[in-house]
């Protein structure tokens, strides 16, 4: 390989120096993988016949009018 882009002794230097910040608020819970999320949405929308989002959202209210 011609040349090199930085030495391997410096690999990961910046990540090690960066302080670890705790998750807070909306991001405090780790998100589920998309496969699990879509499965949950499918169950609630198709099988249970409910709106998949938040209960108080505009979409949920519109969906309740259509029934």
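Where a number appears in this text, it was derived from the coordinates with a stated rule and is not lab data. Just so it is clear, the model here is predicted, and its values are computed rather than measured. Virtual Cβ from ideal backbone geometry, glycine too; neighbours counted across all protein chains shown.
Taking only DSSP H segments of four or more residues, each worth -39500 (n - 2.57), what value at 222 nm results for the chain once the sum is divided by all its residues, to the nearest 500 deg cm²/dmol?
Numbers: 3 runs with 23 residues, N = 67.
For the chain, the value works out to -9000 deg cm²/dmol.
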Starting from the 7 Å offset along Cα-to-Cβ, what nm value, one decimal, do you get for the label separation of residue 11 and residue 44? 4.2 nm
